[in-house]
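Derivation of every value follows stated rules applied to the coordinates shown; laboratory data play no part. These figures come from a predicted structure and were not determined experimentally.
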Amino acid sequence: MSLIITRFAPSPTGYLHLGHAFSALFCAEKGERFLLRIEDIDQGRCRPDYIEAIYEDLAWLGLSWETPVRVQSEHMKDYAQALNKLDDMGLLYPCFCTRKEIQAEIERAGHAPHGPDGVLYPGTCKNLSVQHRSNLIAQGKSFALRLDMDKAITHAGPLTWFDHDKGEQQATPEVFGDVVLARKDTPTSYHISVCVDDHIQGINLITRGQDLFHATHIHRLLQDLLKLDVPEYHHHGLMVGEDGKRFAKRDKSLTLRSLRESGACVEDVLERLR
Ligand code: GLU
């Protein structure tokens, strides 16, 4: 039997709050080996001082993790390789649309199918000719790379994944439509980076909040297409504040940092998480 390897994977776009503390402790408790990953592909929003704060706050909680810590911005080549593989399989296409253009297209079509992440991409750039695409690229038009979902699911066939809380799940990535796998502003995406990294780090149990439950359908598809190992999952419930709303980075008063500064000790924090 191999050891259970988990990872906590925060994005350094703000200070960790009580919800993160719950998630990190949950993850460390489930793992026989506990890893940490810094998800900083969004260079416009991530800050080095937030990374330092993550190390400090987790250590304050009494957690320790294996080193080296994987920092996503240092591994862009790995993500490019995965995207190239999907491209070679004919599963990606460049999308030049702006948000405004997508909105206009949806209004023109008069109907807007929705997925878990909102309105589905109407497919405007899917059928552009090779010539038209190269012209736009030659003109310096920026583009995202989208997954051709129909082709991808035909290629993969039916897939399942296992959630420790909810049991076996039928993967339904089609409900997302043609998702973006490389963004205009950064040549990767959450979906690609997370799947590639979990494989490279040998993570066999992914623990994370319920808010990412649906994303797992996409991840299962990418694992199949990219021939990555298939981990099990445990999506935990989200902590909510007294107002019934889930904690978010904007709740400055509930960051571990501000709780500590206002005199709270670790035991107080752990008590609030029980
Ligand atoms: N980086 C993500 C976040 O901070 C978590 C990713 C994951 O656990 O898959 O929400």
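May I ask you to evaluate 6.51 cos²θ - 1.76 cosθ + 1.60, the Karplus curve with θ = phi - 60°, for each residue of the range 257-264 and list the ³J(HN,Hα) values in order in whole Hz, giving x for glycine and proline?
Ordered by residue, 3J(HN,Hα) equals 4, 6, 5, 5, 5, 8, x, 5 Hz.
Determine the shape class of the range 32-86: with a ≥ b ≥ c the square roots of the Cα gyration tensor eigenvalues, call it rounded for a/c under 1.5, and otherwise prolate if a/b is greater than b/c, oblate otherwise. Could you put the intermediate results ahead of the total?
Values: a/c = 3.73, a/b = 1.61, b/c = 2.32.
Oblate.
What span do the alpha-carbon atoms of the range 203-274 cover on each of the three principal axes, reported in whole Å from largest to smallest?
That gives 49, 23, 19 Å along the principal axes, largest extent first.
Which of PRO48, PRO187, PRO231 ends up with the largest GNM mean-square fluctuation for the chain, with Cα atoms connected below 10 Å?
Of PRO48, PRO187, PRO231, the Gaussian network model singles out PRO48 as fluctuating most.
With only alpha-carbon atoms in the gyration tensor, what are the semi-axes of the equivalent ellipsoid for the range 150-255, in Å, largest first?
Working: eigenvalues 139, 61, 39 Å².
Over the Cα atoms of the range 150-255, the semi-axes work out to 26, 17, 14 Å.
Give, to the nearest whole percent, the P(r) tail of the range 1-119 beyond 24 angstrom, counting all Cα pairs. Can you show the working numbers first?
Numbers: 3561 of 7021 pairs.
That fraction is 51 percent.
What does the convex hull of the alpha-carbon atoms of the chain project to on average, in nm²?
On the way: hull surface 65.8 nm².
So the mean shadow area of the Cα hull is 16.4 nm².
Out of the DSSP beta bridges found with both residues in the chain, what percent are antiparallel (nearest 5)? Intermediate results must be reported in sequence, preceding the final value.
Numbers: 14 of 26 bridges.
Just about 55 percent of them are antiparallel.
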